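Participant: Pasting a structure here, questions to come.
The values are calculated or read from the model by the stated rules, or taken from the named source; none is laboratory data. None of the values given here were measured: they were computed from a predicted structure. All Cβ positions, even for glycine, are placed from backbone atoms using ideal geometry, and neighbour counts span all protein chains on display. In case anyone asks, the SASA skips ligands and DNA or RNA and just uses the protein heavy atoms, side chains included. Shrake-Rupley method; radii C 1.70, N 1.55, O 1.52, S 1.80 Å.
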Amino acid sequence: MPLTPSKKDRPGLQKIIDGMIDSGFTGVAVRVQDGRGPWEGRAGLRELDETAKPPTDGHIRIGSNTKTFAATAALRLVAEGTIDLNAPAAEYLPRLGLDHGITVRMLLQHTSGIFNFTGEYYEDGTFAPGIAATTAGREWVDNRFRTYRPEELVRLALSKPARFEPGTDWSYSNTNYVLVRLLIENVTGNSFADEMERLVLGPLGLTGTSLPETETTLAEPHAHGYYRYEEATGEEVTVDVTRQNPSWISTGGDMISTTHDLHTFISALTGGNLLPAPLLAEMFRPHPKAGYGLGVFVQDTGPDGGKVITHNGGMAGHAALMYSTPDGSRTLTAALNYVDDASMSMAQAFQQATQSLVQEVFGDSETAMATTSPSPAGG
């Protein structure tokens, strides 16, 4: 059960959380589980222009933490013998016209080269838009209740030039995980939500975690998320976007969870309770370019050689943190709310806050990386 927040026993953590509000976050709730037991802290507001604090274990849109859940479900199907990690994804999705050089592993590790349907940032600083995601300002706000089909997102991405030949580089793409969703549905004959319930949520009793599909609401309790855009007149407008149709990001980042459920999930995963040891080792083997395994980042925590397994996510005014030691004995999970915008103005504050939190919980750490910051395009 969630604990009553306490400032006495973890003053260093509470100070960081309070500082996050000073840096621009509207609401923060953090959960830590380590040798000192569980601890919860919070700061800020549940809703702008109100006085109530955010819930300590409220529901939050977890953004790209969804990818870790999806990868775990896929790897459990690998363990069952239903999916071959090294098989061409096209064998499981024959109607999409995928490059036969793209394997299931490449989808899970972001080495497929497939265009990101929420838009691509290139090394020369240019941006190639995809759908009207949160990089689009008012256009995203006006269309935030639109329903996108997963196949629609994939076909848009496949209509764009690939970033590179399959397996030759690394580039984060939400499209990869929409393809993982479709692949799971095609090979099992069941919906992705049903398979996620069977493979992950049910076995762990994650009653606060859900796949909203096109459902626009968040279950109570929850804090609110916001989005700011600029009118043609130059006037800035801030909109409560807590309610939205998350099909625009699909399995790239649509799930809802709580800090307690995220702790239960990541500690079970890293503790070896969801995957056999050889597959867990595959999951935690990082690509040299970005430290990305199969649905997780593997990051060094300092010169002592320690590591954390992590995936963070941002999704239109909502974000979630999820960190664990490789044995699951120590975890940090958090729910963050903020005012998002197309210019990604909270990215630096996010990086600084996560670095401080991870250092406090896991020791000497330089873990916070740009790749773990919340993306205005969902991630």
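Participant: Most fluctuating residue of K15, K53, K67 in a GNM of the chain with Cα springs under 10 Å: which is it?
Facilitator: K15
Participant: If contacts are Cα pairs under 8 angstrom and at least 6 residues apart, what is the relative contact order of the chain in percent?
Facilitator: After rounding, I find 24 percent.
Participant: Could you order F115, F145, F164 so the one with the most accessible surface comes first? Probe is 1.4 Å.
Facilitator: F145, F164, F115
Participant: 7 Å from Cα along Cα→Cβ at both S191 and A232: what's the point-to-point distance in nm?
Facilitator: About 4.1 nm, to one decimal.
Participant: Hey, which of these cross-link pairs are over 27 Å Cα-Cα: K15/K53; K15/K307; K15/K289?
Facilitator: Result: K15/K289 exceed 27 Å.
Participant: Could you name the aspartates and glutamates whose alpha carbon sits less than 12 Å from that of K160, not counting residues in the same chain fewer than 8 places away?
Facilitator: By straight Cα distance, K160 reaches E120.
Participant: Can you give me the long-range amide H partners of D169? Hydrogens built in the peptide plane at 1.01 Å from N, cutoff under 5 Å, separation of 5 or more residues or another chain.
Facilitator: none
Participant: Just the number: Rg to Rh for the chain, Cα atoms, Kirkwood Rh, two decimals.
Facilitator: 0.94
Participant: Under a 10 Å cutoff between Cα atoms, tell me which one of A43, A128, A89 has the largest fluctuation in the Gaussian network model of the chain.
Facilitator: Top of the fluctuation ranking is A128.
Participant: From largest accessible area down, sort S324, S345, S267; use a 1.4 Å probe on the protein chains.
Facilitator: Ranked from most to least accessible, the order is S345, S267, S324.
Participant: For N273 and A162, compute 0.36 nm times the residue count separating them, minus their Cα-Cα distance, and round to one decimal in nm.
Facilitator: Residue separation times 0.36 nm, minus the Cα-Cα distance, leaves 36.3 nm.
Participant: Leaving ligands, DNA and RNA out of it, report the carbon-plus-sulfur percent of the accessible area of segment 1-96 at a 1.4 Å probe.
Facilitator: 49 percent
Participant: Quick check: pseudo-label points 7 Å beyond the Cα along Cα→Cβ at R155 and D22, how many nm apart are they?
Facilitator: In this crude spin-label approximation the distance works out to 5.3 nm.
Participant: What accessible area per residue, rounded to a whole number of Å², is obtained for segment 1-123 using a probe radius of 1.4 Å?
Facilitator: Result: 41 Å² of accessible area for each residue.
Participant: Which one of Y121, Y226, Y92 has the biggest mean-square fluctuation once the chain is modelled by GNM with Cα springs under 10 Å?
Facilitator: Per the Cα network of the chain with a 10 Å cutoff, Y121 tops the list.
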